[in-house]
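The structure under discussion appears below in the form of structure tokens.
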Amino acid sequence: MFKKIKYRDQYLSKILFKRTLLFVLILATFCFGFWYWNIFQAMMQGKYSWWYLSPIILSILLTALSGWAVFWFYKHYAPKHTDFFSRYLKRIELRQMISLLVVSKGFFDTETAENNTYLTYYPKLKIKVKHTTGQLLIEEPIDGEKYMAQFANGDFDQSVETALLADRQTTEFLKNKMISTFAFEPIKFRRQLLALQPQKGRLQLAKGIDWKYDTFYNALISGNVGTGKSYTIFAILGQLLQLTKYVDIIDPKRSDLASLKYIDALKGRVHSTPTEINQAIIKYYQNMMARAEKMEKIKATGKIGTYKDYHFDPCFLVFDEFGAYREMNDRLTFSDPAYEAYQIAMSNLNEIAMLGRELGFYLIIGMQRPSADSLPMAIRGQLNLRINMGMPTPEIEKMVFPDNDKQLRPLSSQLKGWGFIKVGDSQVRAFFAPEVPKDFNLHQWLGEQIEIRKQRVS
């Protein structure tokens, strides 16, 4: 249920705190009522003693102690717990912060008359808190009033992101209003690696974030060592192997992905040496062009559609450490026989990126530090899923998320596997990669995904 935000909500926590203290003081006074009555009777008889101040001092001490307890509960207990009172206090804090933002941005009007100031306009803002998912929904007015443009263009939403350290996920426009959804606890959107359930044309990344690879084709996954880039690739790779057997894997650094060549079902599809890599890219391109020829013959009969309509399976080229591949080959001399193969492979990659969508041939590129030198424009412009693990530098942020208008902040100082994601033209969002369990065995898990696919086919 949405709760309306009022002008006086900017003082909400102070008002409730004062009311709580007043209630405790009244309650303590009531509890000491019999004591007060005895003191009153004694004073009527002309008896006076400093001892008669005891109930007053006790009432004040109990009120002060209760005030300290409430303050401690609000500052230290509530942020770390999810019981009823903790959630109530979190809602109070959010309502107060939203009201303060409206006032600080000046999105209200007042009028002064006879030395008194009256509130003449306050926007019809409402909020709804979903504690189970860590989401905050804000209903903002698009009602033709004075400050409508500031709400509609996202000016207020940017302030909410900054003030609450929240992550804006979606914005939905309705009649006379818009509803923006923020994640103030992004960790609650994290999925478990072993619970991922891909569907045809859709891979699960986080709760509420799926990769529809037929629509948002080709992917870039970047991040320095230790940020969780490899585990993100594992999560995607495992789901792909559930859906199709046409997955080629390239790892020029011969690290985790290169070891997958020892899985029987992946023999011949994992490439790590320069010669193997160039040949794999060229072969992948040739297979794409062969499919293009088959589809052209089908279309010659008058049928229209994409590869799915002709019952072809999707194909994926998972290319980790793409930057290292470029660096190793750019050092080759023109006279080196491997240089020509490298040039052909790069030319083929550019064509795969541009033509592969309709044919069902996709690229998934992983690299540490994407740059204009390491990532050609022909490929860069076709990457519709972009993930950066960890906190990007300004240069990497500009490369990975060139149209981003929000300020990115670290999500956790204790947890690994967090970053930021952009799918198509959507907002850049906070992202936690699927959580990998302890004692995880990559080869065993990928083998299980392959067996799931085989069982579906049979």
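The values are calculated or read from the model by the stated rules, or taken from the named source; none is laboratory data. Small disclaimer: the values here were computed from a predicted structure and weren't measured. Virtual Cβ from ideal backbone geometry, glycine too; neighbours counted across all protein chains shown. Note: areas computed on protein heavy atoms with side chains; ligands, DNA, RNA excluded. Shrake-Rupley method; radii C 1.70, N 1.55, O 1.52, S 1.80 Å.
The set of residues in the stretch 415-452 that are open to solvent by 30 Å² or more (accessible area, probe 1.4 Å) and in a helix (DSSP H, G or I) comprises His443, Gln444, Glu448, Glu451, Ile452.
Take the conditions (1) out of contact with any helix residue (DSSP H, G or I) (no Cβ under 9 Å at 6 or more places or on another chain); (2) crowded, with 21+ Cβ neighbours inside 10 Å; Pro392 misses just one of them, which is (1).
Would you call Arg8 within 27 Å of Ile179 (Cα to Cα) and either part of a helix (DSSP H, G or I) or open to solvent by 80 Å² or more (accessible area, probe 1.4 Å) (or both)? So Arg8 fits the description; yes.
Checked across the stretch 375-392, the condition of being out of contact with any strand residue (DSSP E or B) (no Cβ under 9 Å at 6 or more places or on another chain), in a loop (DSSP other than H, G, I, E, B) and modelled with pLDDT under 95 holds for at least one residue.
The rows are residues; the columns are (1) outside any helix (DSSP H, G or I); (2) in contact with a helix residue (DSSP H, G or I) (Cβ under 8 Å, 6 or more places away or on another chain); (3) under 30 Å from Tyr339 (Cβ atoms); (4) open to solvent by 40 Å² or more (accessible area, probe 1.4 Å).
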position	(1), (2), (3), (4)
Gln279	no, yes, yes, yes
Glu293	no, no, yes, yes
Lys297	no, no, no, yes
Gly302	yes, no, no, yes
Phe312	yes, yes, no, yes
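Here's the yes/no breakdown for (1) within 22 Å of Glu397 (Cβ to Cβ); (2) outside any strand (DSSP E or B); (3) open to solvent by less than 10 Å² (accessible area, probe 1.4 Å); (4) in contact with a Leu (Cβ under 9 Å, 6 or more places away or on another chain):
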| residue | (1), (2), (3), (4) |
| --- | --- |
| Gln158 | yes, yes, no, no |
| Glu172 | no, no, no, no |
| Leu205 | yes, no, yes, yes |
| Asp210 | no, no, no, yes |
| Thr215 | no, yes, no, no |
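Anything in the stretch 314-360 that is surrounded by 17 or more Cβ atoms within 10 Å (Cβ to Cβ) and of a type outside the set (A, V, I, L, M, F, W, C)? List them, or say none.
Restricting attention to the stretch 314-360, the residues satisfying the condition of being surrounded by 17 or more Cβ atoms within 10 Å (Cβ to Cβ) are 314-323, 325-326, 329, 341-342, 345-346, 348-349, 352-353, 356-357, 359-360.
Within the stretch 314-360, Pro314, Asp320, Glu321, Gly323, Tyr325, Arg326, Asn329, Tyr342, Asn348, Gly356, Arg357, Gly360 qualify.
Lys124 meets all of the listed conditions (1) open to solvent by 80 Å² or more (accessible area, probe 1.4 Å); (2) assigned to a loop (DSSP other than H, G, I, E, B); (3) farther than 14 Å from Ile179 by Cβ but one, namely (3). One residue alone among Ala69, Ala42, Ala78 is in contact with a Lys or Arg (Cβ under 7 Å, 6 or more places away or on another chain) and either part of a helix (DSSP H, G or I) or closer than 17 Å to Ser13 by Cα (or both), and that residue is Ala78. Take the stretch 238-267 and flag every residue that is part of a loop (DSSP other than H, G, I, E, B) and surrounded by 21 or more Cβ atoms within 10 Å (Cβ to Cβ). Within the stretch 238-267, Asp251, Pro252 meet the criteria.
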